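Notes follow once the structure below has been shown.
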Amino acid sequence: MLPGGALCSLGVVMIPLIVYSLQNTMNWWPTSPATNYTSFYRWINGNWVPMEICTLAIASLVFYFIRFPILTALIYFVLTFIAMDAVHLLADPKSDYWRYYCIASITIGTLLSTLAFTLCRKDLKDFGFWSYLFGVFLCWSGLTGWDIQTELGYFTYFLINFAFILLANLFHRKIFMVFGSLGIICYIGHLAYVFRDSLMFSYVLGAIGFFIIMLAALLMRSKKPRIRILADR
């Protein structure tokens, strides 16, 4: 099962190159001809959408017959690319692309996280792992990339990342803790820039660090009875 699934995954990875070669030969491009294939993984471009749709369709078909967990990662990877490139293809050229990219990232990330929760409830943790990884990453990336203009917006960003840390304890998923902590570090970095000339900020920063340490200790303590019960069993 493992060698076959790995070979199928490698075959799916080759699909974008095959479709690109066919489009390049027939000159089938949605807009102006695309650049080199190496730009596919680096630049957002509406021309990549047909390649991604074909890859998604074939990957889904392969996954229907071979339930190999890593195939879900490829599917989510292609979904991410489709969302970004579709915005570039369909949105008004004069509009703010970046905001649409962030909205698409947050939306897909939220849906994948919800899917991951459902998969884990059905005891499909191998599949839920990749859903959580891509879901939380996309949602956090969209929030972090958002063009925040006010201090209230930055504080809201902090609260969302703090909620990620609470969700890590609730769902027992470290991925929420990782990205939530990164978000809080980003917010503290913003505060350090705002209050760079204030001596009082160092004391406030120390208090925040102490609060985070106490919260981590409290969360670790709350897990001990659960671990002890499992050990008794």
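The values are calculated or read from the model by the stated rules, or taken from the named source; none is laboratory data. Because the structure is a prediction, the values reported are computed rather than measured. Neighbour counts are summed over all protein chains in view; Cβ atoms, including those assigned to glycine, are modelled from backbone coordinates with ideal geometry. In case anyone asks, the SASA skips ligands and DNA or RNA and just uses the protein heavy atoms, side chains included. Shrake-Rupley method; radii C 1.70, N 1.55, O 1.52, S 1.80 Å.
Any residue in the stretch 54-63 that is out of contact with any helix residue (DSSP H, G or I) (no Cβ under 6 Å at 6 or more places or on another chain) and either in contact (Cβ under 8 Å) with a residue 24 or more places away in the chain or under 24 Å from residue 143 (Cα atoms) (or both)? No, the stretch 54-63 contains no residue that is out of contact with any helix residue (DSSP H, G or I) (no Cβ under 6 Å at 6 or more places or on another chain) and either in contact (Cβ under 8 Å) with a residue 24 or more places away in the chain or under 24 Å from residue 143 (Cα atoms) (or both).
Is it fair to say residue 141 is more than 29 Å from residue 193 (Cα to Cα) and surrounded by fewer than 18 Cβ atoms within 10 Å (Cβ to Cβ)? Spelling it out, it is not the case that residue 141 is more than 29 Å from residue 193 (Cα to Cα) and surrounded by fewer than 18 Cβ atoms within 10 Å (Cβ to Cβ).
So in the stretch 94-115, with the set limited to residues that are farther than 23 Å from residue 58 by Cβ and hydrophobic (A, V, I, L, M, F, W, C), which one is least open to solvent (accessible area, probe 1.4 Å)? Of everything passing the filter in the stretch 94-115, 102 is least open to solvent (accessible area, probe 1.4 Å). Filtered by the rule that a residue be more than 19 Å from residue 211 (Cβ to Cβ) and open to solvent by 40 Å² or more (accessible area, probe 1.4 Å), the stretch 144-154 gives 144, 146, 147, 149, 150, 151, 152. Annotation note: of 211, 201, the sole residue that is at pLDDT below 85, open to solvent by less than 40 Å² (accessible area, probe 1.4 Å) and assigned to a helix (DSSP H, G or I) is 201.
Number of residues in the stretch 111-165 that are closer than 28 Å to residue 190 by Cα, in a helix (DSSP H, G or I) and touching a Cys at 6+ places or on another chain (Cβ under 6 Å): the value is 2. Scanning the stretch 5-19 for residues that are in contact (Cβ under 8 Å) with a residue 40 or more places away in the chain and of a type in the set (A, V, I, L, M, F, W, C), we see that the one that is least open to solvent (accessible area, probe 1.4 Å) is 12.
To keep it simple, each residue is scored yes or no on (1) surrounded by 13 or more Cβ atoms within 10 Å (Cβ to Cβ); (2) part of a loop (DSSP other than H, G, I, E, B); (3) small (Gly, Ala, Ser).
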{"site": "25", "(1), (2), (3)": "no, no, no"}
{"site": "49", "(1), (2), (3)": "yes, no, no"}
{"site": "58", "(1), (2), (3)": "yes, no, no"}
{"site": "76", "(1), (2), (3)": "yes, no, no"}
{"site": "92", "(1), (2), (3)": "no, yes, no"}
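Within the stretch 33-47, the set of residues being in a helix (DSSP H, G or I) and open to solvent by 60 Å² or more (accessible area, probe 1.4 Å) comprises 38, 41.
Every condition in (1) touching a Cys at 6+ places or on another chain (Cβ under 8 Å); (2) open to solvent by less than 40 Å² (accessible area, probe 1.4 Å) holds for residue 66 except the one numbered (2). Closer than 28 Å to residue 70 by Cβ and touching a residue at least 24 places away in the same chain (Cβ under 8 Å): does that describe residue 164? Yes: the conditions hold for residue 164. Just a yes or no: is a residue in the stretch 155-172 over 15 Å from residue 142 (Cα atoms), exposed (fewer than 11 other Cβ atoms within 10 Å of the Cβ) and touching a helix residue (DSSP H, G or I) at 6+ places or on another chain (Cβ under 7 Å)? No, the stretch 155-172 contains no residue that is over 15 Å from residue 142 (Cα atoms), exposed (fewer than 11 other Cβ atoms within 10 Å of the Cβ) and touching a helix residue (DSSP H, G or I) at 6+ places or on another chain (Cβ under 7 Å).
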